[in-house]
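Participant: Below you'll find the structure I mean.
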Amino acid sequence: SQTIHQWPATLVQPVGSPLSLECTVEGTSNPNLYWYRQAAGRGLQLLFYSVGIGQISSEVPQNLSASRPQDRQFILSSKKLLLSDSGFYLCAWSAVTWGEKLFFGSGTQLSVL
Amino acid sequence: DAKTTQPTSMDCAEGRAANLPCNHSTISGNEYVYWYRQIHSQGPQYIIHGLKNNETNEMASLIITEDRKSSTLILPHATLRDTAVYYCIVRVGGGSSNTGKLIFGQGTTLQVKP
């Protein structure tokens, strides 16, 4: 069966520190991968999506970057965190064989202080 | 890209049907309507999707109007665990050459009350 792992569940980081959030998918090949962010009390904002290894599309200009070093691994990074980077970060995957439904991870609650 | 309009919030009595409306008047002919829900502090969960025919699964029913400009998600017997934010989304693009990425709006906060 297909599963998605996202870690850590919670993270508290000081302003100016680096960030690395990792997401891995099991049980499917060549998935589309996504990073979403949800600020407190707000809707989900699509940050990045990837259709293959090394192929990253950014939806909004920001302080973050994404990489896909392996087929089922998606990493969200920042060199220097800002206060505005705080939020709930969600990784998701989809595949044509699953009707392009999105399957989400459990999320990472990031607090930048 | 077609956008959706949903009421900000709704209440429903436990055991009654919850009917959540969604307007998508600019939907294109090849765009699907998807519904997801998000329980507090969790990732969104897929509920159902459809193109033009009504759909039903173990979670809900989706009624799409003939002109496809609006739809309604029906939870036939709402329980307290159905309290969540419900998102109506029109699929952006699709097919083998596109990611089929979904753009989430603000959704409808459904409060199921005992």
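The values are calculated or read from the model by the stated rules, or taken from the named source; none is laboratory data. The model shown is predicted, which means the values in this text are computed figures rather than measured ones. Using ideal geometry, Cβ is built from the backbone for each residue, glycine included, and neighbour counts are taken over all protein chains shown. Ligands, DNA and RNA are excluded from the accessible area calculation, which covers all protein heavy atoms including side chains. Shrake-Rupley method; radii C 1.70, N 1.55, O 1.52, S 1.80 Å.
Participant: Where the accessible area of the stretch B:1-86 is counted over protein heavy atoms with a 1.4 Å probe, how much of it, in %, is carbon and sulfur?
Facilitator: With neighbouring chains kept in place, the figure for the stretch B:1-86 is 46 percent.
Participant: List the Cys residues of chain B that have no partner Cys with a C-beta closer than 4.7 Å.
Facilitator: Flagged as lacking a Cys partner: B:Cys12.
Participant: I've got another one for you. Taking chain A as a Gaussian network, Cα atoms linked when under 10 Å apart, which of A:Ser86, A:Ser29, A:Ser57 shows the biggest mean-square fluctuation?
Facilitator: A:Ser29
Participant: In addition: Would you list B:Ile39, A:Ile53, B:Ile89 from the most to the least accessible area, probe 1.4 Å?
Facilitator: The ordering from most to least exposed comes out as A:Ile53, B:Ile39, B:Ile89.
Participant: Just the number please: accessible area per residue for chain A, 1.4 Å probe, all protein chains included, in Å².
Facilitator: On a per-residue basis, chain A sits at 46 Å².
Participant: Mind grabbing the interface size between A and B? I mean buried accessible area, both sides, 1.4 Å probe, in Å² to the nearest hundred.
Facilitator: By this definition, chains A and B bury close to 1600 Å².
Participant: Give the share of C-alpha pairs in each 10 angstrom bin for chain B, from 0 to the last occupied bin, in whole percents, shortest bins first.
Facilitator: In order of increasing distance, the bins hold 15, 48, 30, 6, 0 percent.
Participant: Using the heavy atoms of the protein chains and a 1.4 angstrom probe, tell me the accessible area per residue for chain B in square angstrom.
Facilitator: 52 Å²
Participant: Right, another one. Which of the lysines could be linked to B:Lys3 by a straight reach, that is with a Cα gap under 22 Å, when you skip same-chain ones fewer than 8 residues away?
Facilitator: Partners found: A:Lys101, B:Lys52, B:Lys69, B:Lys101.
Participant: Then there's this: Hey, got the dipole for chain B? About the Cα centre, +1 on K and R Cβ, -1 on D and E Cβ, debye to the nearest 20?
Facilitator: 160 debye
Participant: Leaving out ligands, DNA and RNA, what percent of the accessible area of the stretch A:56-113 is carbon and sulfur, probe 1.4 Å?
Facilitator: On the stretch A:56-113, the fraction of accessible area on carbon and sulfur atoms equals 57 percent.
Participant: Sequence neighbours fewer than 8 away in the same chain don't count; with that in mind, list the aspartates and glutamates whose C-alpha is under 14 Å from A:Lys80.
Facilitator: Partners found: none.
Participant: Now a separate question. Top mean-square fluctuation among A:Gly43, A:Gly99, A:Gly52, Gaussian network model of chain A, C-alpha springs under 10 Å?
Facilitator: A:Gly99
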